[in-house]
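Enquirer: Got a structure for you, written out below as structure tokens; questions coming shortly.
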Amino acid sequence: MRAELLQMAADLAHREEPFVLAVVVRRQPASSSQAGDMALITAAGAFHGFLGGSCTQPTVVREAQRALTEGQPRLVALAPDPETARRPGVAVFPMTCHSGGSVEIYLEPVLPAPRLVVFGVSPTARALVKLGKAMGYSVVAVDPAAEPELFPGADQVLTDPGRAPQLFARSHSPRFAVVATLGERDESAIRDALAMAPSYLGVVASRKRFAQMRETLLDGGVTAAAIDTIRSPAGVRIGAETPEEIALAVLAEIVERQRAAQPVEEEEEKPERAASGEPTEAIDPICGMTVTIAGARHTAEHGGRTWYFCCGGCRERFLASPERYIAQEGAA
């Protein structure tokens, strides 16, 4: 891998921005790519690196964004005769480069670890940090009395709770918060957690105690709508009693929330166009490749219609003799 791609991957990971690493794992001549060629594709669709002819790029970018949405790797094949490349686990697309070769590209999504922010130094808070780290979360412990020795597995330990919202303001990773202060500055910890706008906020407390917290928060200016987003008592109902059991129940509820938020069907993409009946894809009149309309880089206006192309070369060929290709499309 080129040094600049390594540096770019490191920078994206440091900023917690998702991206896809694409690697050529197989090719057949005459393809301009070689096994081991690599590229990075950002969530915005920016392409950096080399995977072969420019005609492969739109398909790779589209499939990379699907990999990011699903959080799962994909193996993509581009072949002149797609039927010859079909096999389980491979998404096959027509190769429209004129070289006539084929290529297989592995797409690995690199996603920032979900963030678990735990408020408190109680035994339950310490169990949450330990179990959350074991489950792959980036864990932050927050409390004025927090010390690294109390949370040996935490990625960060903050003694200034007011810093938490600013620290995560630009984070791209999902964030989940749990208040396990258990009687120590409960209401202020909840306000700090709400300021982070987490995907999930759970409070470890009895129903009676949380009812008291609610009244105090309302009197302090917190809206009822914000309080209604809080899950308390936090955790799925498994009869948990020990700190470790309570941590297990809370993290099970967070996992349940994560899975429920993930897309189920690919057809849910581009709901605005699907609902209106507008097409979401177009056919390049030069090479026949499918082009995603949203965000298409290469377009041309002719005959009162917008034409879409996989690359600048196809666009230039079309503009040189548009009537020829329009006639071919009509015949087809």
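Enquirer: Yes or no: Y325 of a type in the set (F, W, Y), modelled with pLDDT under 80 and not assigned by TED's automatic domain parsing to the domain that holds T181?
Expert: For Y325, the condition - of a type in the set (F, W, Y), modelled with pLDDT under 80 and not assigned by TED's automatic domain parsing to the domain that holds T181 - is met.
Enquirer: For C97, which of the numbered conditions (1) over 29 Å from the mean Cα position of the chain (by Cα); (2) under 29 Å from E245 (Cα atoms); (3) in contact (Cβ under 8 Å) with a residue 60 or more places away in the chain fails to hold?
Expert: The single condition C97 does not satisfy is (2).
Enquirer: Something else: Restricting the stretch 216-255 to residues that are charged (D, E, K, R) and more than 31 Å from the chain's Cα centre (by Cα), which is farthest from A127 (Cα to Cα)?
Expert: The selected residue is D219.
Enquirer: Looking only at the stretch 198-221, which residues are surrounded by 18 or more Cβ atoms within 10 Å (Cβ to Cβ) and assigned to a loop (DSSP other than H, G, I, E, B)? So that I can check it myself, show each step before the final result.
Expert: So in the stretch 198-221, the residues surrounded by 18 or more Cβ atoms within 10 Å (Cβ to Cβ) come out as 198, 200-205, 210, 213-214, 217.
P198, V204, A205, listed by residue number.
Enquirer: List the pairs whose first member sits in the stretch 152-165 and is more than 7 Å from A141 (Cα to Cα) and at pLDDT below 90, whose second member is β-branched (V, I, T) and in a helix (DSSP H, G or I), and whose Cβ atoms are under 8 Å apart, counting only residues at least 6 apart or on separate chains?
Expert: Going by the 8 Å Cβ cut-off, the qualifying pairs are G153/V129.
Enquirer: Residues being crowded, with 17+ Cβ neighbours inside 10 Å and assigned to a helix (DSSP H, G or I): count how many of those fall in the stretch 9-50.
Expert: 2
Enquirer: Could we say that A249 is out of contact with any helix residue (DSSP H, G or I) (no Cβ under 7 Å at 6 or more places or on another chain), at pLDDT 75 or above and assigned by TED's automatic domain parsing to the domain that holds G136 here?
Expert: Yes: the conditions hold for A249.
Enquirer: Sticking with this one: Given the residues V103, V139, V92, which is the only one that is in contact with a Lys or Arg (Cβ under 7 Å, 6 or more places away or on another chain), assigned to a strand (DSSP E or B) and closer than 20 Å to E17 by Cα?
Expert: V139
Enquirer: What number of residues in the stretch 42-56 are touching a residue at least 40 places away in the same chain (Cβ under 8 Å) and in contact with a strand residue (DSSP E or B) (Cβ under 6 Å, 6 or more places away or on another chain)?
Expert: Residues in the stretch 42-56 being touching a residue at least 40 places away in the same chain (Cβ under 8 Å) and in contact with a strand residue (DSSP E or B) (Cβ under 6 Å, 6 or more places away or on another chain): 5 in total.
Enquirer: Any residue at all in the stretch 223-235 that's modelled with pLDDT of 95 or more, assigned to a helix (DSSP H, G or I) and surrounded by 12 or more Cβ atoms within 10 Å (Cβ to Cβ)?
Expert: The answer is no; no qualifying residue exists.
Enquirer: OK, next. Quick one: in the stretch 174-197, which of the residues that are in a helix (DSSP H, G or I) and among the hydrophobic types (A, V, I, L, M, F, W, C) is surrounded by the fewest Cβ atoms within 10 Å (Cβ to Cβ)?
Expert: A195
Enquirer: Which of the residues spanning the stretch 100-109 are buried (at least 16 other Cβ atoms within 10 Å of the Cβ) and modelled with pLDDT under 90?
Expert: G101, S102, V103
The values are calculated or read from the model by the stated rules, or taken from the named source; none is laboratory data. This structure is a prediction, so every number in the text was calculated from the model and none was measured. All Cβ positions, even for glycine, are placed from backbone atoms using ideal geometry, and neighbour counts span all protein chains on display.
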